[in-house]
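The values are calculated or read from the model by the stated rules, or taken from the named source; none is laboratory data. Note that this is a predicted model, so its numbers are computed, not measured. Positions of Cβ are backbone-derived with ideal geometry, glycine not excepted, and every protein chain shown enters the neighbour counts. Heads up: the accessible areas ignore ligands, DNA and RNA and are worked out on the full protein's heavy atoms, side chains in. Shrake-Rupley method; radii C 1.70, N 1.55, O 1.52, S 1.80 Å.
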Amino acid sequence: QLQLVESGGGLVQPGGSLRLSCALSGLTFYRIAWFRQAPGKEREGVSCISSVGSNTNYADSVKGRFTISRDNAKNTVYLQMNGLKPEDTAVYYCAAVRSFDGICTFLRSGYNRWGQGTQVTVSS
């Protein structure tokens, strides 16, 4: 059974950067997404990457600041976060689903494997 482990969260000042990692027990043919959930808010999709072609998608709120990438050799997906803002504060979750196409989606129901989450706090 696929396991996902997030890391890289922490406390950073506004304008700073963090790189989140999602280590998987196997990455080939999995669609991967990053979601986040702030206190009192719904979990929302941040970015996703397809299993084929590594097509990507980003929420409007993070476009131009966040970059998702995958290293199949290392079974790891990364989320590079630059220009962090206080409103980026949340628990970030990695999610995966078996897939054989070039599509990625922010639908929570579209993923059946989830990590435990890593806290990102942006504050001065």
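Identify the single condition in (1) over 16 Å from Gly9 (Cβ atoms); (2) over 12 Å from the mean Cα position of the chain (by Cα) that Ser69 does not satisfy, given that it satisfies every other one.
Failing condition for Ser69: (2).
Taking the conditions exactly as written (within 18 Å of Gln3 (Cβ to Cβ), open to solvent by 70 Å² or more (accessible area, probe 1.4 Å) and either in contact with a helix residue (DSSP H, G or I) (Cβ under 6 Å, 6 or more places away or on another chain) or touching a residue at least 40 places away in the same chain (Cβ under 8 Å) (or both)), does Arg98 satisfy them or not?
yes
Does Ala33 qualify as being of a type in the set (A, V, I, L, M), out of contact with any Pro (no Cβ under 6 Å at 6 or more places or on another chain) and surrounded by fewer than 18 Cβ atoms within 10 Å (Cβ to Cβ)?
Working: of a type in the set (A, V, I, L, M): yes; out of contact with any Pro (no Cβ under 6 Å at 6 or more places or on another chain): yes; surrounded by fewer than 18 Cβ atoms within 10 Å (Cβ to Cβ): no.
Criteria not met by Ala33.
Counting just the residues of the range 5-62 that are of a type in the set (D, E, K, R) and in contact with a strand residue (DSSP E or B) (Cβ under 9 Å, 6 or more places away or on another chain), which one comes out farthest from Gly83 (Cα to Cα)?
If we take residues in the range 5-62 being of a type in the set (D, E, K, R) and in contact with a strand residue (DSSP E or B) (Cβ under 9 Å, 6 or more places away or on another chain), then Arg31 is farthest from Gly83 (Cα to Cα).
In the range 82-90, is there at least one residue being open to solvent by 30 Å² or more (accessible area, probe 1.4 Å) and within 24 Å of Phe29 (Cα to Cα)?
Among the residues of the range 82-90, not one is open to solvent by 30 Å² or more (accessible area, probe 1.4 Å) and within 24 Å of Phe29 (Cα to Cα), which makes the answer no.
Among Leu20, Leu27, which is the only one that is open to solvent by less than 40 Å² (accessible area, probe 1.4 Å), in contact with a helix residue (DSSP H, G or I) (Cβ under 6 Å, 6 or more places away or on another chain), closer than 24 Å to Gln1 by Cα and of a type outside the set (D, E, K, R)?
After ruling out the rest, the residue left standing is Leu27.
So which residues in the range 69-109 are in contact with a Gly (Cβ under 8 Å, 6 or more places away or on another chain), among the aliphatic types (A, V, I, L, M) and either closer than 10 Å to Ile32 by Cα or in a helix (DSSP H, G or I) (or both)?
Once the filter is applied, which keeps residues that are in contact with a Gly (Cβ under 8 Å, 6 or more places away or on another chain), among the aliphatic types (A, V, I, L, M) and either closer than 10 Å to Ile32 by Cα or in a helix (DSSP H, G or I) (or both), the range 69-109 yields Ala95, Val97.
For Gly83, are the conditions met, namely being modelled with pLDDT of 95 or more and out of contact with any strand residue (DSSP E or B) (no Cβ under 7 Å at 6 or more places or on another chain)? Explain how you work it out, then say what you get.
Numbers: modelled with pLDDT of 95 or more: yes; out of contact with any strand residue (DSSP E or B) (no Cβ under 7 Å at 6 or more places or on another chain): yes.
Yes.
For Asn75, only one of the following conditions fails: (1) at pLDDT below 95; (2) open to solvent by 50 Å² or more (accessible area, probe 1.4 Å); (3) more than 16 Å from Cys48 (Cβ to Cβ). What is its number?
(2)
Being touching a helix residue (DSSP H, G or I) at 6+ places or on another chain (Cβ under 8 Å) and either modelled with pLDDT of 95 or more or open to solvent by less than 70 Å² (accessible area, probe 1.4 Å) (or both) narrows it down to one residue among Val62, Val46; which is it? Give the derivation first.
Working: Val46 fails: touching a helix residue (DSSP H, G or I) at 6+ places or on another chain (Cβ under 8 Å).
Result: Val62 is the single residue among Val62, Val46 that is touching a helix residue (DSSP H, G or I) at 6+ places or on another chain (Cβ under 8 Å) and either modelled with pLDDT of 95 or more or open to solvent by less than 70 Å² (accessible area, probe 1.4 Å) (or both).
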